[in-house]
Each structure stands twice: as C-alpha cells, then as structure tokens.
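Worksheet for the structure shown next.
All of the numbers you see were taken from the coordinates with simple rules; none came from a lab. Remember, it's a predicted structure, so these values are computed and weren't measured experimentally. Here the Cβ positions follow ideal geometry from the backbone for every residue, glycine too, while neighbour counts run over all protein chains shown.
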Amino acid sequence: MNTISEAFLLSLQMMVQFDPELMRIVGLSLRVSLTAVLIGSAIGLPFGALLALTRFPGRHGCIVVLNACMGLPPVVVGLVVYLILSRSGPLGALGWLFTPIGMVMAQVVLITPIVAALSHQTVADLWSEYEEQLRSLGLTPLKAIATLLWDGRFSLSTAVFAGFGRAIAEVGAIMIVGGNIAGVTRTMTTAISLETSRGDLALAMALGIVLLTITIGINAAASAFGNAARRRQGA
Amino acid sequence: MSMQMAPLHARPVLLPLQLQDVGYSINGQALVSHITLSFEAGAPTLVLGPNGAGKSLLLRLCHGLIQPTQGQVIWQGTAAQNPQSLRFDQAMVFQKPVLLRRSVLANIEFPLKLRGLDATARRSKAMAVLERVGLAALAERPARVLSGGEQQRLALARAWALEPQILFLDEPSAALDPGATRQVEGIIASIAATGTKIVMTTHDLGQARRLAGDVIFLHRGGVTERTPASEFFNMPRSDAARAFLQGDLLW
C-alpha cells in the first residue's frame, strides 16, 4: 500500500518536473515504437490487403502463419534479431546491436504480422462490399489495393493502434537487442524491469504509471480524432 | 496509356453486344440458360421478370462481372479489339449504390482519374455532371451521408461522367420514394438521349412503360420473349409475361 501511494506521488513529481532522465526514457520509447509502427504499417497494410484481394496457391497457409505470428514471443524475436545483428551474424557489420535501430528492427518483426493480419480481415470485408463496383469502374484487384486502404482508413487505424500497443508495451525484444543501456537504449519498459529487479519498486511503479498515462492518452486522442473523422464521412 | 473522352459518335463502337447460348450454373444447377440476345444502340431495353428469374445475373454476365459457364458474350463492334475500351466504355449502376468513403466530387473524379484525365479535366467534367443531376451544391459533402435518392443520383452521375457506350442499371430505383424515382428516371432518359444504350431491370411496370424501347422478359432463367415496348404492354407474346403483367405469375 505504502509503495503504491509513494509511487503515485513520485510519478506525479517526475511528470510535473519534467525530470530530464524520465523525458529521455519516454522520448526514446516513443521514438522507437512509433518508428516501428510506421515501418510495420508500411509493410503490413499493403501485405494484408494483398492477401485479401489475390488468390494464389498457398494463400490459406500464408494466412494461418500470419495469424500465428500475431503471438510471436518477444524474447524469441529479440534473440533472433540479436543473432542477426551480433558481430558474427549476417548484419553484424552494420553495428546495430545495442542501438535504437536494432530495437526498431525487433519491434517491426513483432508488429508487422499484427497489422497485416488485422488489416487482411478489414480489407476483405470492404472488398466484398466494393468488388463489383470497382471492377465495373475498370479497376483490377491489384490497383484496388490503394483505394481499399484509403477507404478503410478508419477501420484500419485499429490495426495500427494494436501494433502500437504491442510495441510500446513489450519489453523482451528490446531488452535483448537494446541491452537497456542508460541514456542510449533504456526505454520505459526496460527501466521498469530494471528498477523492479533492483528493488526500487516505487520508481518502477512510477514509470509504470507514466507508461500507462502516455499509452492511454495517445490511444484516446487518436480514437477521438478518428471517430470525429469517421462521423464526418458517415463511414 | 491515357484515353481521350471523345464524343460518343466519334469513338470506335463497342456495340452490338451478342450473347450466344449463354448459361450460368452453380454446382450443376442452371441459374440462367440458353440465352441468345443482342443489344444494339438505340432506345432503352428493359429486362423484366419475377424475382429470381435471373435479371441481375443477366446484367452481370453482359457487363463481364461474371463469366458464363456456357456460351459466349461477344462484343461485335470494332472497339472490342481494344481491351481498354472493353473495360472503360461500359458501366453499371447497382441497386444499392456503392459509394466510396470520400466526397461526392471525389466519387466522380475517381474513375475519371483511372481513365487518364488530368486534374482540371476531372474537376470540370465531374462538376458538369453533378450540375446535371442536381447535386452540384453537395459536391464537397461526404458521399455516404447523402440520402438514398441522392446516393443513387450520384451513382448515376458517376456512370454518366464515364460516357459509356452501354450502361447497365440493376433496379436503380428499387428502394426510392416516388419523387426520387422520378428524378432517377429523368436522369436515365437524359443519359439515353446522349446516345448511351441503356439496359435496365425494374419491378416498376409504370417505370418500364415510361422508359422502355423494347422489353426482354425473363422467366426461370430463360428468355420467353423480346418485344417492342408498345406491343409488350398491350399484348405480350408469352404466357409467362401475360401472367406477370396481370400479377398472376408468382415465381
């Protein structure tokens, strides 16, 4: 009980004072996760749409694997990316291990299947509504991808948020690939993990509260914005 | 490859459209069969028949949305050699208008962009056609918030902007009130007057009388007759059509 109230006070204090260490940690967390979401969406959205619109042998297997990949364990992804980026690995020469770039890479691997699988379903539903009309207007399924992604933008934002939620909350992958180096690769989740194991539960809890506040705040703002736009479009 | 929107009479023609012994079956069950018809430029052709007769399916087979399982759909005009013309010189408006989640104007500009028109040409063509269907004031409105009648007028305007040589209409006013229906009919008549061949289905016999040049009657997946409109409504040739006009044909 004591720890929790102490943690609340501490978190308030840190947020109000714009504690520079906290700002750096929060900034890095957001930078890494938002970059990963951007890249993951740039790959995942068109890929999901492609799966929804095209028919090819092995497509069903592809979808099964994709759905399974939504639940990839972050530590395993972290380990694999670690091996790829380690000095003897195939991308070792790039020197990305223990850097934010490496962390982004690991999160992209985690997020892309989530965005792709969720957008596949959304685009498939939209395509069943639009298919005849778009084909009648002269579009081929491949050309329809951009149209469907744009027209499904409100529903697809859910897929992107799900990806962001996964990225900002996970600790296993960025811990392994980033190494939790103070001032370089320390994020909110890795810091919480560290402070907990060091026994500074109040600080860990305070960071946790900040993390929750930011996550909820971003999602609330984005969905309010999205809902307003959706209502305007009558979509 | 961009396409000029030349006036209808100056373009290579796609019509006539010939259906030769066309049939479509699913799992061995024939939904339509042995349909041999031809569509030429001229007054609107109305496709009538009870529910489930295959009217919508026939339109989709003609338009190329569905491939027949038997027989052939052949475009006999010289333009048919050009796949671009086959894709772009025909259009269809569906019973429930499918509008993109964009503005009214953007809905019309969308297929024009596909046809290679530049931004200025798209804008002026779209505004001109919106003017003609009475929606110019709503150009910036999101299409999905329009009323049912306005949505169907927009769908017709979008098809009109494409200046198709043939336009398929699948019960375009089935869900509309009498006022909206009259507006839709006015638009259809105007499109027909610009030289576009209209092929449409309807359940509204009054509407069929007002618009039809000739009538194709479908019953249980087959054509029972094709008759000039004046003759059809006074003296249909087939028993099925006679029963239908008297309200006695139930299926």
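Structure notes:
- Within segment B:220-251, being surrounded by 13 or more Cβ atoms within 10 Å (Cβ to Cβ) and at positive phi holds for B:ARG220, B:GLY221.
- Only one entry in B:ALA41, B:ALA30 is in a loop (DSSP other than H, G, I, E, B) and away from chain A (no Cβ under 14 Å), namely B:ALA41.
- Check on A:ARG232, of a type in the set (Lys, Arg), within 14 Å of another protein chain (Cβ to nearest Cβ) and surrounded by fewer than 19 Cβ atoms within 10 Å (Cβ to Cβ): yes
- Residue tally, condition of a type outside the set (Val, Ile, Thr), in a strand (DSSP E or B) and within 12 Å of chain A (Cβ to nearest Cβ), over segment B:55-111: 4
- Counting only helices (runs of 4 or more DSSP H) that fall entirely inside segment A:1-114 and contain at least 3 residues that are small (Gly, Ala, Ser) and either closer than 22 Å to A:THR158 by Cβ or free of Cβ contacts under 8 Å to residues at least 12 places away in the same chain (or both), the qualifying elements are A:20-53.
- Filter pass, A:SER193 being of a type in the set (Gly, Ala, Ser), touching a helix residue (DSSP H, G or I) at 6+ places or on another chain (Cβ under 9 Å), within 14 Å of another protein chain (Cβ to nearest Cβ) and within 28 Å of A:VAL109 (Cβ to Cβ): no
- Scanning segment A:145-175 for residues that are within 13 Å of chain B (Cβ to nearest Cβ), surrounded by 22 or more Cβ atoms within 10 Å (Cβ to Cβ), part of a helix (DSSP H, G or I) and not acidic (Asp, Glu) turns up A:LEU148, A:LEU156.
- Contacts under 6 angstrom Cβ, first residue in segment B:49-73 being within 21 Å of B:LEU245 (Cβ to Cβ), partner surrounded by fewer than 20 Cβ atoms within 10 Å (Cβ to Cβ), 6 or more apart: B:PRO50/B:LEU249; B:PRO50/B:TRP251; B:GLY54/B:LEU31
- Residues located in segment A:196-229, provided they are buried (at least 16 other Cβ atoms within 10 Å of the Cβ) and within 14 Å of chain B (Cβ to nearest Cβ): A:GLY226
- Condition met for B:PHE168 (under 12 Å from the mean Cα position of the chain (by Cα) and of a type in the set (Phe, Trp, Tyr)): yes
- Qualifying residue in segment A:219-228 (condition: more than 19 Å from the chain's Cα centre (by Cα) and at positive phi): no
- For segment A:189-230, a residue qualifies if it is over 17 Å from A:ASN2 (Cβ atoms) and in contact (Cβ under 8 Å) with a residue 60 or more places away in the chain, and the qualifying residues are A:THR189, A:ALA191, A:LEU207, A:VAL210, A:LEU211, A:THR213, A:ILE214, A:ALA222, A:SER223, A:GLY226, A:ALA229, A:ARG230.
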